[in-house]
Number of protein chains: 2
Amino acid sequence: MGKREASKSTNIVWHQSHVTRDMREAQAGHRAAVLWFTGLSGSGKSTLAHAVEKRLHGMGARTFVIDGDNVRHGLCGDLGFSDDDRVENIRRVAEVAGLFVEAGVLTLTAFISPFRRDRAQARELLGDDFIEIYCDTPLDVCEERDVKGLYAKARAGEIPAFTGISSPYEAPEHAEIVVPTGSEPIELSVDRVMAWLEAHQWIRGEKK
Amino acid sequence: MGKREASKSTNIVWHQSHVTRDMREAQAGHRAAVLWFTGLSGSGKSTLAHAVEKRLHGMGARTFVIDGDNVRHGLCGDLGFSDDDRVENIRRVAEVAGLFVEAGVLTLTAFISPFRRDRAQARELLGDDFIEIYCDTPLDVCEERDVKGLYAKARAGEIPAFTGISSPYEAPEHAEIVVPTGSEPIELSVDRVMAWLEAHQWIRGEKK
């Protein structure tokens, strides 16, 4: 047809060939997945995600953390804090995480993602690649820490719809991993995540 | 302050530590960049991008192709073909490519991206990591190939604002690499891109 004739006339045959996820995973020496960290503001999501990444990187794994720091002003810079925008924010993060998984990367996302239906949407999109990690720091501990001073502002009514204060946080009911991020040293929390990944054969054991 | 007291009270000090782009590039053994393939529909952008990826992957590089196949129904699934939506499409692709670069990946994007101002925006966002590759297949060759039958439809008026027919393609004036994708075998085009990357020290020479 048109394509073939054109190919003949210029003596060119261009075949589409693809590097697949399997090929990338084989090269990386580990499977790709999304570690979806969820929890209240101040629960330690982002800190734990980066600490787990550091451990994985130390093992030679291909890793990346997606969090507010690298998407709030970029990919999601056009989004505000309305309900619709929050849903769209989580949708985009899940879609991008899916691209990273396809690229063979162990991808860690750290967002409050307070609503079950949004996390369920991410799980549906990512399928078996979705590993939900609940950073289970109680509200009073998060509020006592108040690392960014946001709880004080929320209590003063300066931040509308703040998760835990004036907007609900719907705790996961079937998270793959629950981490008591409010009551243990971070290295223990990292161990916990690594042990789960190893036990479920996402990674091989750490080199001693 | 609040943070310190909380840390003391639970005997926990959680430090934020980051794996950096430099660390990932050192591990990968190559620099990260965005190879931005632009050209008419049917010019061979996607085919060339995948062929270059295959060559890079064969050298052990971390690679990923972002093209219509993996974002049209996903990340950009909410966008149509209006001018605004096309701009937003390119913006998101550039932002995601930026994340992949941060992750240490040699990232290849394949979109018509017909407008200079949109590519200029991507270049501004990505800075020195942006490598523009113009797939310079003449319109008549693309139309003769008409791989997807789109030119015929566009000529019949069934597709509004089709690039090259009823909407302009603004050829790059200062592309880093210009590839005569309409008149040479694909392996030559791949060689051309690889030679440029090597000469500009993005990658080390291929293992012979």
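Annotations for the structure displayed:
- Inter-copy separations for B:HIS18, label at 7 Å along Cα-Cβ, nm, ascending: 3.4
- Computed over the alpha-carbon atoms, the stretch B:134-202 gives an Rg to Rh ratio of 1.08, Rh here being the Kirkwood radius from the mean inverse distance.
- Helix-only CD estimate at 222 nm, as mean residue ellipticity for chain A, using -39500 (n - 2.57) per DSSP H run (n ≥ 4): -13000 deg cm²/dmol
- Whole-Hz ³J(HN,Hα) from phi, Karplus 6.51 cos²θ - 1.76 cosθ + 1.60, for the stretch A:188-198, glycine and proline x: 5, 5, 4, 3, 4, 5, 4, 4, 5, 4, 5
- Copy-to-copy label separations for A:PRO180, where each label sits 7 Å from Cα toward Cβ, in nm and ascending: 7.1
- Ascending count of other beta-carbon atoms within 10 Å, so fewest first, for B:SER41, B:SER113, A:SER166: A:SER166, B:SER41, B:SER113
- For chymotrypsin sites (Phe, Trp or Tyr not before Pro), the sites in the stretch B:77-136 that DSSP calls loop and that have at most 15 other Cβ atoms within 10 Å are B:PHE81.
- Between the helical axis of A:83-102 and the longest alpha-carbon principal axis of chain A there is an angle of about 50 degrees.
- Quotient of C-alpha Rg and 2.2 N^0.38 Å, computed over the protein assembly as shown: 1.08
- Here r is the Cβ-Cβ distance between A:LYS54 and A:MET23 and R0 is 22 Å; the resulting FRET efficiency, rounded to 0.05, is 0.25.
- For A:GLY68, the shell of other residues with beta-carbons less than 13 Å away shows a net charge of +3, using +1 for Lys and Arg and -1 for Asp and Glu.
- Cβ-Cβ distance of B:LYS148 and B:HIS200, R₀ of 30 Å, FRET efficiency by 1/(1 + (r/R0)^6): the value works out to about 0.35.
- Computed from backbone phi with θ = phi - 60° and the Karplus coefficients 6.51, -1.76 and 1.60, the 3J(HN,Hα) list for the stretch B:165-173 is 10, 10, 8, x, 10, 9, 4, x, 9 Hz; x is used for glycine and proline.
- Among the residues of A:100-107, the average count of other protein chain beta-carbon atoms within 10 Å of the residue beta-carbon is 4.
- Flagged links, alpha-carbon separation over 25 Å, of B:LYS45/B:LYS148; A:LYS45/B:LYS54; A:LYS54/B:LYS54; B:LYS54/B:LYS153: A:LYS45/B:LYS54; A:LYS54/B:LYS54; B:LYS54/B:LYS153
- Over chain A, relative contact order from alpha-carbon pairs under 8 Å, at least 6 apart, %: 29 percent
- Working from Cα pairs under 8 Å separated by at least six residues, relative contact order for the stretch A:33-120 is 50 percent.
- Computed FRET value (nearest 0.05) for B:ARG155 with A:SER166, which takes r as the C-beta separation and R₀ as 56 Å: 0.45
- Copy-to-copy label separations for A:ASP128, where each label sits 7 Å from Cα toward Cβ, in nm and ascending: 4.4
- When the chymotrypsin sites (Phe, Trp or Tyr not before Pro) in the stretch B:165-208 are filtered for DSSP coil states and for at most 13 other beta-carbon atoms within 10 Å of their beta-carbon, no site remains.
- Simple spin-label estimate for A:PHE81 and A:GLU187 gives 3.7 nm between the two label positions (7 Å along the Cα-to-Cβ direction from each Cα).
- Amide H contacts of B:TRP36: B:THR109, B:ILE131, B:GLU132, B:ILE133, each under 5 Å away and 5 or more positions distant or on a separate chain (H built 1.01 Å from N in the peptide plane; Pro and chain starts excluded).
- Taken one residue at a time, the phi angles of the stretch A:137-149 give Karplus couplings (6.51, -1.76, 1.60, θ = phi - 60°) of 9, x, 3, 5, 5, 4, 6, 5, 4, 6, 3, 9, x Hz. Gly and Pro are set to x.
Each reported figure results from applying straightforward, stated rules to the coordinates on display, with no laboratory input. What you see is a predicted model; the values in this text were computed from it and never measured. A quick note on method: Cβ atoms are made from the backbone with ideal geometry, for glycine too, and the neighbour counts reach across all protein chains shown.
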